[in-house]
Amino acid sequence: MKKNAMIKRLTSRITVIGYCLLVIGMLCSCDDMFEPADENTRQLEDLTGESVYVHGVLLYAYDRLPYLTTTQTDIATDDAVTNTTNSYRTMALGTWQSDNNPMSQWDQCKDGVQYANLFLSMVEKVSWAPSSASKQQMFIDRLKGEAFGLRALFYYYLLQAHGGYADDGVLYGVPLLTAPEDGSSDYNQPRATFADCVKQCFDDCDSAMALLPGVYEDVTTVDAIPEKYRALGANVSNYNLVFGGKARNLLSGRVAEAIKAQVALYAASPAFREHSGVTSEVAARYSANVLQRINWELDPQGNIWYKNKTKLEPNGGEMLEILWREDRHKNADQERSNFPPSLYGRGEVNPSQNLVDAFPMANGLPVANPNSGYDAHNPYVGRDPRLSHYVIYNGMTYKNTEIATGKYAINKEVKDNLENVPTSTRTGYYLAKLLREDANPNSNNLVEQQHIYPRIRYTEIFLAFAEAANDAWGPTGDGGTGHSAYDVIKAIRERAGIAPAAPGTTERTDAYLEECKLDKTKMTNLIRNERRIELCFENKRFWDIRRWLLPLDEPVNGMKIEKIDSEKDPDPDNLTYTIFKVEDRVYDNSYQHYGPIPRGEILKWSKLTQNKGWE
């Protein structure tokens with residue numbers, strides 16, 4: 001059975017770690033070298049005597065974090081296509097099945113739940129700091145808090161990927177396990193309701209928040225130490241050892257609070273709200289709690305954090321925009337995958353015309369608005385500044401190179417043109433977001449740069465608040481939080497450079513935003529569009545389309561650019577722009593807004609129910 005195999009795998013891994021450390025200990029003891037112990041393997045019940053082994057169980061849970069660090073799932077949506085073949089592309093072309101599901105979180109996150117449960121069952125039995133009562137309690141609290149938060153996170157991702165309505169009309173989540181399984185466990189467990197799974201996520205987040213500091217940072221005085229630890233004799237050095245800045249990238253109280261807000265928004269979305277037990281008002285307040293921690297301060301450079309060279313360096317400090325992130329990595333992998341071929345890239349992720357059309361004009365009006373000033377014969381002039389930050393389009397200068405994606409290019413050696421070579425764009429666009437323009441993937445002149453990938457950005461939480469607040473209280477209602485959906489979207493659009501003030505003035509007039517604040521439905525659509533732009537290529541779009549119950553099967557379009565007469569008219573500006581269909585999206589809107597339970601699990605366990613429509 002798969003779960004038995006997982007437990008055996010865990011025991012095997014811990015045994016290997018134990019064996020390696022035991023060998024190190026043997027090398028420090030002559031007696032042990034010549035007279036080794038009779039038994040040098042360890043079982044789970046032996047681990048509580050040595051903290052390093054038990055901590056390894058928690059690290060295995062961290063190893064199962066479900067975050068993707070490259071743009072992948074967007075190519076299964078209307079935001080992008082790829083010029084290579086992978087499981088996300090084939091899924092979007094009609095192969096998505098319960099036994100062929102690249103979006104599945106079943107194995108990885110259920111493993112994570114098991115490791116978290118196993119750790120929680122042992123953490124209080126371990127001597128983490130036997131010589132210090134205060135350090136012992138602080139370690140127990142921090143490590144328990146991390147485990148609770150991780151378990152909530154794993155269940156959140158399981159709900160995203162596998163929650164849905166079954167044939168009996170019940171909205172289900174996944175089997176809800178809060179204790180570790182072993183060889184004697186009954187693995188034939190039914191799915192808990194979606195509402196019960198959400199409640200468990202909330203409870204785990206609350207438990208984590210009660211045990212963890214909001215952020216990990218060093219203190220300088222005893223008075224800054226919580227009273228419960230001072231009463232046990234904690235000093236500054238010991239407190240900083242456990243809760244100080246060196247733990248910054250571990251799951252903190254603020255991260256747990258953000259996970260709770262994410263769960264609430266998902267549960268309050270149109271696809272789930274009827275039976276999730278969570279309202280938009282609750283979701284708005286949970287997001288507001290997170291934002292209050294930073295005084296509702298929006299990072300002025302938060303939408304282009306990946307260009308902040310100083311902050312990306314190891315000693316550059318933390319960005320206001322990033323709530324939780326991966327460790328820094330120095331490489332040119334993203335650039336190698338996504339730069340245009342003329343810049344030694346493979347051009348794998350191609351933004352769609354659909355996404356490009358979502359970027360408004362710089363005056364804030366949608367391109368489809370007859371008063372926007374959009375020129376179909378010069379479509380990239382006067383646009384939202386974010387477009388040139390996130391997408392490389394025809395004629396744009398990138399890395400001091402003019403990128404020509406049109407079919408007209410005179411220089412046949414240029415490979416960036418539409419469908420020129422296998423690594424060329426299929427849509428007329430290349431990816432710019434997340435990439436370091438100062439990196440060089442050319443193996444003959446390789447320049448690697450520091451990268452980080454945010455696990456949670458504050459902009460995401462701002463947008464979550466705006467979405468839920470608008471639904472709960474309307475565009476300008478604040479529910480007592482002091483902020484409204486209108487306030488948040490105005491700040492985000494101002495940061496982007498939308499509707500800039502006229503020269504010599506400070507007055508900005510975002511006419512479209514002012515129009516939307518008078519109409520809840522228009523504001524809903526604007527918020528969703530801002531989310532689409534701000535979070536593009538961060539693996540959010542697929543889940544957003546589904547939770548909003550939007551059509552999954554929107555065809556993906558591109559832009560073909562040609563000269564009117566390439567032989568007689570050499571003027572490069574005399575171009576035609578034609579939108580064309582690049583690729584269909586083959587999904588079934590009647591049931592595929594809810595992902596499947598893996599078919600193999602359904603066949604194994606009689607109590608598991610499948611979501612409606614899936615085999």
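The values are calculated or read from the model by the stated rules, or taken from the named source; none is laboratory data. Note that the structure is predicted; figures quoted are calculated from it, not measured. Cβ: placed from backbone, ideal geometry, glycine included. Neighbour counts: every protein chain shown. Ligands, DNA and RNA are excluded from the accessible area calculation, which covers all protein heavy atoms including side chains. Shrake-Rupley method; radii C 1.70, N 1.55, O 1.52, S 1.80 Å.
What the table below lists for this structure:
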read-out: Charge context of M138, other residues only, Cβ under 15 angstrom, K/R +1, D/E -1; value: 0
read-out: Cross-link reach list, lysines versus K407, counting only Cα pairs under 20 Å and skipping chain neighbours closer than eight places; value: K415, K560, K563, K568, K581
read-out: Cut-off under 5 Å, modelled amide H: who pairs with M396 long-range; value: I403
read-out: For the range 78-95, Karplus couplings with θ = phi - 60° (6.51, -1.76, 1.60), whole Hz, Gly/Pro x; value: 7, 8, 6, 10, 10, 9, 10, 10, 8, 5, 5, 5, 5, 4, 5, 8, x, 9
read-out: Angle in degrees between helix 520-534 and the longest Cα principal axis of the chain, rounded to the nearest 10; value: 80 degrees
read-out: Among [x] 23.9, 78; [y] 26.5, 91; [z] 29.9, 93, the entry that matches Rg and Dmax of the Cα atoms in Å as calculated here; value: [y]
read-out: Accessible-area order (highest first, 1.4 angstrom probe) of the listed residues D196, D438; value: D196, D438
read-out: Computed accessible area, V282, all protein chains, 1.4 angstrom probe, square angstrom; value: 50 Å²
read-out: Estimated 222 nm signal from helices in the chain, with DSSP H stretches of n ≥ 4 weighted -39500 (n - 2.57), rounded to 500; value: -12000 deg cm²/dmol
read-out: Accessible-area ranking of T423, T397, largest first, probe 1.4 Å; value: T397, T423
read-out: Degrees separating the helix 2-27 axis from the principal Cα axis of the chain, which is the longest one; value: 70 degrees
read-out: Proximal lysines relative to K520, as straight alpha-carbon distance under 30 Å, when same-chain residues fewer than 8 apart are discounted; value: K199, K260, K490, K540
read-out: Nonlocal amide H pairs with H451, under 5 Å, H built at 1.01 Å; value: H329, K330, N331
read-out: Largest to smallest accessible area among H483, H275 [probe 1.4 Å]; value: H275, H483
read-out: Potential lengthening between T90 and V219 on full extension [0.36 nm per residue; Cα-Cα distance subtracted]; value: 41.3 nm
read-out: For the range 508-517, Karplus couplings with θ = phi - 60° (6.51, -1.76, 1.60), whole Hz, Gly/Pro x; value: 10, 10, 8, 4, 5, 5, 5, 5, 5, 5
read-out: The range 257-375: C-alpha gyration tensor shape, a/c 1.5 cut-off, then a/b vs b/c; value: oblate
read-out: Built amide H within the under 5 Å cut-off of K517, gap 5+; value: none
read-out: Cα-based helix-to-principal-axis angle, 458-473 vs the chain, degrees rounded to 10; value: 80 degrees
read-out: Centroid-to-centroid separation of the range 350-402 and the range 407-472 [C-alpha atoms, Å]; value: 15 Å
read-out: Per-residue ³J(HN,Hα) for the range 174-182, Karplus 6.51 cos²θ - 1.76 cosθ + 1.60, θ = phi - 60°, Hz, x for Gly and Pro; value: 9, x, 9, 10, 10, 9, x, 8, 9
